[in-house]
Each structure stands twice: as structure tokens, then as C-alpha cells.
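The values are calculated or read from the model by the stated rules, or taken from the named source; none is laboratory data. From a predicted model like this one, the values you see are computed outputs, not experimental measurements. Cβ coordinates were reconstructed from backbone atoms using ideal geometry, including for glycine residues, and neighbour counts include every protein chain displayed. Surface accessibility is based on the protein's heavy atoms, side chains included, excluding ligands, DNA and RNA. Shrake-Rupley method; radii C 1.70, N 1.55, O 1.52, S 1.80 Å.
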Amino acid sequence: MNINILDTNQLALMDQLISDANTVLVVCHKSPDGDAIGSSLGWAEYMRLRGKDVTVIVPDQYPDFLMWLPNTDKIVRYDKHREKCDMLFKIADLVFCLDFNTPSRVDQMEQALVSTKAKKVLIDHHLKPDVPADLVVSQPEASSTCELVFRIVWQMGAFAQLDKAFAVPVYCGMMTDTGGFTFNSTRPEIFQIISELLTKRIDKDRIYRNVYHNYSEDRIRLMGYVMYEKLVYMPEYHAAYYSITRDELKRFNYIKGDTEGLVNMPQQIKGLKLSISLREDTEKNMVWVSLRSVDDFPCNLMAEEFFNGGGHLNASGGKVEGTIEEAIEITKKAISAYENKLK
């Protein structure tokens with residue numbers, strides 16, 4: 001089975017860009033998830049193998065359940081160390097942009113990223129990439145950016161020389177971006193990659209527990225509260241949504257990552273095609289939106305049309321600039337507008 005993804009010219013350019021660089025940055029999107037952190041840490045390991053001075057920079061805080069991953073202590077947060085990060089962007093030779101398709105997704109780091117004189121490489125699996133880069137590796141059909149990182153490293157002939165510090169975060173990112181391999185993960189290449197990662201003696205069961213069994217009591221109580229009190233089930237549309245206000249988040253001592261995966265739970269309802277999560281920002285007049293669907297329902301199109309967002313066919317996100325009440329009304333309109341596809 002062939003898992004190579006770069007053509008001859010891309011492979012040569014990738015190798016040349018890496019060879020010519022000394023100072024390398026690896027950056028990902030705001031509110032990094034398992035795929036963003038996993039791909040960044042994995043790619044940084046490959047850069048160290050190539051003898052590069054590499055720094056992983058993230059725009060802001062990432063979830064507590066990812067802090068056990070190897071080398072997270074080396075990650076630099078832009079929101080905490082802006083002056084240091086701005087200097088790194090100025091002196092960098094090469095910047096790898098992982099798991100985002102447009103510069104605005106790095107939030108306050110955008111200006112530093114856009115203005116750097118360093119060469120750039122984009123490695124991503126989201127639709128419509130528009131990051132100005134010297135090399136773009138865009139594969140929207142891929143399960144995750146971690147999958148792409150593995151496939152590039154494999155094609156570069158470097159996998160045999162890497163160890164758990166590469167394999168653990170890459171497996172973690174593939175696992176989290178597919179909901180534990182429950183969606184967007186039917187291609188056989190994915191399981192070939194998993195089998196290769198297992199040769200590094202990673203404990204996939206422990207990785208699962210570290211991510212999905214690593215929450216506080218408050219998180220468990222929040223989940224129960226949302227499913228019992230806040231879930232709105234619309235059987236006539238085969239859809240469900242819920243909303244969480246900042247006061248409710250405060251009541252359950254919310255920390256970043258506590259609502260991760262919650263949007264998937266309504267999908268356990270028989271016949272449900274669409275689940276939508278509305279979470280009020282803890283500070284701004286904004287509501288964060290997550291959408292999950294099954295089969296061929298295009299929640300990415302709904303995210304683009306109604307929620308200023310986008311993503312994948314069955315897993316997308318967006319936001320509403322306004323109140324939670326306004327977001328609920330927009331959600332009702334969105335579901336009604338897609339009535340024919342939901343029934």
C-alpha cells in the first residue's frame with residue numbers, strides 16, 4: 001500500500017527547504033486541539049532529527065488533557081510570551097504552518113506570521129487553504145494533520161529513526177481528530193499508519209485514557225447537566241442542539257477542554273443526523289459553535305452559511321458574534337433551512 005503523498009517536485013522542495021534552514025518554527029491554530037498539538041510536537045521531533053533549532057509556538061492555551069504529551073514543556077504560548085515569539089518570527093529561516101488553512105486562525109499571532117521573512121510550508125487537511133507559503137501540502141480528505149505529518153516523514157525515510165516522542169503525539173492527534181477512529185477514518189491507509197506507530201511500542205490504550213479519562217468531577221457533572229437540562233431534541237429534523245452560557249460554565253468551574261467531545265454525545269440518539277453545540281465565550285460577546293453530522297449531511301456548508309465557519313463534511317465549527325439567544329435563533333433557522341437534507 002502506497003502512503004506517499006508528495007510528488008517528486010514537492011519532495012525535493014520540502015527536503016531543500018529543511019536543509020537550508022537552521023532556525024525553524026512550528027505553529028498551529030488558536031485553541032489548539034489534539035491534532036494541532038500532536039502534529040506540531042511530532043513534526044518538531046522530525047526537525048530535531050534533522051539537526052534544526054526548532055520551537056513550537058501556539059497562539060494560546062491548549063486543553064489540560066493534552067499536557068501529558070512528550071515535550072509539551074517546550075511549547076511557547078504566544079499570548080504569554082509575545083515579545084519572545086515576535087523575535088523568533090523575525091529570526092526564523094523556516095515556518096511550518098500546521099492544521100490551519102488561513103492566517104486568521106492563529107488569532108493575535110497573525111501579524112507576526114504574515115510579516116515574517118522566513119520561508120513557509122503549510123501542512124493541513126482543511127478546505128480552501130490560503131496561507132501564503134512556498135510549499136502547500138493540502139489534503140482535505142485526510143483524517144488529520146497528524147496523518148499527513150506521518151506520511152511525509154515516512155516518505156522522507158525518517159520514520160525508522162524516530163521514537164515514542166514522535167509516535168505518541170501523532171497517534172494522539174489522529175485519534176482525537178477522528179473521535180477515537182469513529183468518523184473520517186475508513187481508509188485502510190489510516191490503519192497501516194497505526195500499525196507502524198505501534199512498532200514504536202506506544203501504549204494506545206493509555207493514550208486513550210489520558211485523553212478521554214482525564215477530566216475533573218466538574219466536567220462529568222457539566223456533561224450530565226447539559227444532556228439532561230439543555231439538550232433540545234428535534235426529532236422531526238433528526239437534529240439536536242444545546243447551549244451553554246458563561247454563567248453555567250462558571251457554575252461547573254469550566255476550564256479549557258471541558259466541553260471537548262460533548263457535541264458527539266447527542267449522536268447516540270437513534271436516527272440523529274446533526275448535533276450542534278453553542279458555547280458562550282467566557283469573556284467576549286461571542287458564541288462558539290461546533291457541528292457534527294453523519295453520512296452525507298454537509299455540516300461544513302451549514303457552518304459556512306450560518307456560523308462564519310467551515311470544516312469537514314461531518315465535523316465543523318464556527319462562531320456567532322452576539323448573544324447566546326441570537327445564536328439559538330440562528331441555529332433554528334439553519335436547521336430549518338436544511339430540512340430537506342435532514343429528513
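Quick notes on this one:
- Residue count, segment 137-167 (criterion: farther than 20 Å from G179 by Cα and either out of contact with any helix residue (DSSP H, G or I) (no Cβ under 9 Å at 6 or more places or on another chain) or of a type in the set (G, A, S) (or both)): 6
- Condition met for T259 (of a type in the set (V, I, T) and open to solvent by less than 30 Å² (accessible area, probe 1.4 Å)): yes
- Against the numbered list (1) open to solvent by 30 Å² or more (accessible area, probe 1.4 Å); (2) under 19 Å from the mean Cα position of the chain (by Cα); (3) among the small types (G, A, S), G224 comes up short only at (2).
- Selection count where residues are of a type in the set (D, E) and either at pLDDT below 95 or touching a strand residue (DSSP E or B) at 6+ places or on another chain (Cβ under 9 Å) (or both), scope segment 131-168: 2
- Positions within segment 168-181 being on the phi < 0 side of the Ramachandran plot, in contact (Cβ under 8 Å) with a residue 60 or more places away in the chain and either of a type in the set (A, V, I, L, M) or out of contact with any Leu (no Cβ under 6 Å at 6 or more places or on another chain) (or both), in sequence order: V168, V170, C172, G173, M174, M175, T176, D177
- Hits in segment 262-289 - residues which are surrounded by fewer than 18 Cβ atoms within 10 Å (Cβ to Cβ) and in a loop (DSSP other than H, G, I, E, B): I269, K270, G271, D281, T282, E283, K284, N285
- A36 fulfils the conditions (1) without any contact (Cβ under 8 Å) to a residue 40 or more places away in the chain; (2) among the small types (G, A, S); (3) open to solvent by less than 30 Å² (accessible area, probe 1.4 Å) except for a single criterion, (1).
- Unmet requirement for D53, which otherwise passes all of (1) at pLDDT below 95; (2) more than 15 Å from the chain's Cα centre (by Cα): (1)
This table checks each residue for (1) of a type outside the set (D, E); (2) within 15 Å of the chain's Cα centre (by Cα).
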residue	(1), (2)
F159	yes, no
D163	no, no
G180	yes, yes
V211	yes, yes
D218	no, no
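- Of all the listed residues (R187, R219, R201, R206), the sole one being on the phi > 0 side of the Ramachandran plot and basic (K, R) is R201.
- Pick from segment 290-315, criterion in a helix (DSSP H, G or I), more than 17 Å from S104 (Cα to Cα) and not hydrophobic (A, V, I, L, M, F, W, C), ranking: most open to solvent (accessible area, probe 1.4 Å): E305
- Scanning segment 198-216 for residues that are farther than 12 Å from M175 by Cβ, open to solvent by 90 Å² or more (accessible area, probe 1.4 Å) and hydroxyl-bearing (S, T, Y) yields no hits at all.
- Residue in segment 69-77 that is surrounded by 15 or more Cβ atoms within 10 Å (Cβ to Cβ) and farther than 30 Å from T282 by Cβ present: no
- Segment 34-61, residues that are in contact with a helix residue (DSSP H, G or I) (Cβ under 6 Å, 6 or more places away or on another chain) and basic (K, R): R50
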